[in-house]
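Below: one structure, written as structure tokens.
The values are calculated or read from the model by the stated rules, or taken from the named source; none is laboratory data. Bear in mind the structure is a predicted one, so any value in this text is a computation, not a measurement. All Cβ positions, glycine included, derive from the backbone under ideal geometry; neighbour counts span all protein chains shown. Areas reflect the complete protein model, heavy atoms only, side chains present, ligands, DNA and RNA absent. Shrake-Rupley method; radii C 1.70, N 1.55, O 1.52, S 1.80 Å.
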Amino acid sequence: QVKLVESGGGLVQAGGSLRLSCVASGSTFSFSAIGWYRQAPGKQRELVASIWSGGNTNYADSVKGRFTISRDNAKNTWYLQMNSLKPEDTCVYYCSWRLGPQQYWGQGTQVTVSS
């Protein structure tokens, strides 16, 4: 069983920064991909950033150059550094762990960017 716990969300002004953290417990050493998704009310959950098992990263076009995903293996934690935040980044952010067909989600953390 995999458990993911996010933290770091909050309220920030446009142009500000936040860092989200996701602490994983359970058998998470092997994975296909870990990452961050977000979901706004009434919209589908979308991929923000991910790290593949080979180390490659990918980002949604809307966050490229502003967000950075990273991982601390020793702490079994991954992060999403979000800079130059915009009001349209306001969403609930979820971390995710996936191995083949198995995918686990955190409970979500709210990020609100005021204009």
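For residue 57 and residue 110, the FRET efficiency from 1/(1 + (r/R0)^6), where r spans their Cβ atoms and R0 equals 25 Å, is about 0.55.
The accessible surface of the chain, taken with every protein chain in place and a 1.4 Å probe, is 49 percent carbon and sulfur. For residue 19, the accessible surface of its heavy atoms amounts to roughly 130 Å² (probe 1.4 Å, protein chains only, rounded to the nearest 10).
Remark: the chain carries 53 Å² of accessible area per residue (probe radius 1.4 Å; ligands, DNA and RNA excluded). Springs between Cα atoms under 10 Å define the GNM used for the chain, and in it the highest mean-square fluctuation of 79, 93, 104 occurs at 104.
Annotation: Cα Rg of the chain relative to the compact-globule expectation 2.2 N^0.38 Å equals 1.00.
Applying a 4.7 Å Cβ-Cβ cutoff to the chain leaves 91 as cysteine residues with no disulfide-compatible partner.
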